[in-house]
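Asks: The structure that follows is given in the form of structure tokens.
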Amino acid sequence: MTLAIPLPRTDAAAARARIERLEFLLEGAIRIPGLSRRIGLDALIGLVPGVGDATTALMGLYLVWEARNLGASRWLQLRMLANVGLDTAIGSVPLAGDVFDLFFRSNSRNLKLLRRISAP
């Protein structure tokens with residue numbers, strides 16, 4: 001006789017909170033003094049050639065994975081993957097990619113897409 005202990009399922013509210021915290025960390029955790037602009041780790045880590053963009057891409061893919069766990073459609077997942085892919089591809093271009101990272105916020109776009117389909 002085996003005792004099957006059900007594993008706790010991640011509840012949707014906790015998953016949404018993780019997504020929002022990571023999005024804030026990646027896109028807007030640091031306020032630039034004197035400007036009304038915020039940046040996050042995506043822009044800062046992206047300054048490190050090669051490794052920085054790969055690292056932030058993995059963090060962005062984690063958001064897509066969480067969205068999948070929340071039941072996001074395949075179409076939505078593809079749109080989110082396209083945002084991460086575009087951010088990674090253009091972000092990896094020296095200098096121009098760093099400027100692009102300041103304006104194209106793939107994680108914020110993905111959070112907005114996810115909020116559109118699911119209410120908390």
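The values are calculated or read from the model by the stated rules, or taken from the named source; none is laboratory data. Quick caveat: nothing in here was measured; it's all calculated off a predicted structure. In this analysis, Cβ positions are derived from the backbone assuming ideal geometry, glycine residues included, and neighbour counts consider all displayed protein chains.
Asks: Report yes if some residue within region 104-114 is of a type in the set (Lys, Arg), out of contact with any Leu (no Cβ under 6 Å at 6 or more places or on another chain) and crowded, with 16+ Cβ neighbours inside 10 Å; otherwise report no.
Replies: Yes, region 104-114 has at least one match.
Asks: Checking ALA14 against (1) surrounded by fewer than 13 Cβ atoms within 10 Å (Cβ to Cβ); (2) touching a strand residue (DSSP E or B) at 6+ places or on another chain (Cβ under 6 Å): exactly one of these is not met. Which one?
Replies: (2)
Asks: Let me ask something additional. Return the residue satisfying two criteria in turn: it lies in region 44-70 and is touching a residue at least 24 places away in the same chain (Cβ under 8 Å) and in a loop (DSSP other than H, G, I, E, B), and of such residues it is nearest to PHE104 (Cα to Cα).
Replies: GLY46
Asks: Could you check region 19-60 and list, in sequence order, the residues that are under 20 Å from ALA72 (Cβ atoms) and either among the aliphatic types (A, V, I, L, M) or at pLDDT below 90 (or both)?
Replies: ILE19, LEU22, LEU26, ALA57, LEU58, MET59
Asks: Given (1) surrounded by 12 or more Cβ atoms within 10 Å (Cβ to Cβ); (2) among the polar types (S, T, N, Q); (3) over 16 Å from the mean Cα position of the chain (by Cα), where does SER73 come up short, assuming only one miss?
Replies: (1)
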